[in-house]
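Let me begin by presenting the structure, written as structure tokens, before commenting on it.
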Amino acid sequence: MYKCRVIYKHMSENEISLEKLSQLTGIEQRTIRSWISKGLLLPPNKTGRGAQYPKWNVDRALETVKVFDFHYFGGFTQTFKSRLF
């Protein structure tokens with residue numbers, strides 16, 4: 001008797017939902033969407049319900065926060081510092 005094992009992945013290892021992206025970065029979903037429309041982050045690989053974003057956006061979003069913070073506030077904000085240390 002053969003055993004058949006089916007592996008189903010809802011998403012690729014290199015993709016992430018907008019909700020998860022928001023949770024991992026601490027950035028609101030609407031801000032992430034805004035940054036995507038401005039070209040700061042990559043758009044989703046699949047649009048509509050269940051859109052999946054490249055995982056690379058997590059690092060890119062955190063780097064964008066650092067740049068904005070440095071440019072507008074002259075350094076890291078207390079909130080961002082608390083996440084780093």
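The values are calculated or read from the model by the stated rules, or taken from the named source; none is laboratory data. Here the structure is a predicted model, which is why all the values come from computation and not from measurement. In this analysis, Cβ positions are derived from the backbone assuming ideal geometry, glycine residues included, and neighbour counts consider all displayed protein chains.
To keep it simple, each residue is scored yes or no on (1) under 24 Å from residue 15 (Cα atoms); (2) modelled with pLDDT under 90; (3) out of contact with any helix residue (DSSP H, G or I) (no Cβ under 7 Å at 6 or more places or on another chain).
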site: 51; (1), (2), (3): yes, no, no
site: 65; (1), (2), (3): yes, yes, no
site: 73; (1), (2), (3): no, yes, yes
site: 78; (1), (2), (3): no, yes, yes
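State the number of residues belonging to the range 27-49 that are among the β-branched types (Val, Ile, Thr), at pLDDT 90 or above and in a loop (DSSP other than H, G, I, E, B). Can you show your working first?
The first filter runs over the range 27-49 and keeps only residues among the β-branched types (Val, Ile, Thr), leaving 27, 31-32, 36, 47.
Still in the running and at pLDDT 90 or above: 27, 31-32, 36.
Then drop every residue that is not in a loop (DSSP other than H, G, I, E, B), which leaves 27.
Selection size over the range 27-49: 1.
Pairing residues of the range 39-50 that are on the phi < 0 side of the Ramachandran plot with residues that are assigned to a loop (DSSP other than H, G, I, E, B) and surrounded by 13 or more Cβ atoms within 10 Å (Cβ to Cβ), at Cβ distances under 7 Å and at least 6 apart in sequence or on separate chains, gives 44/51.
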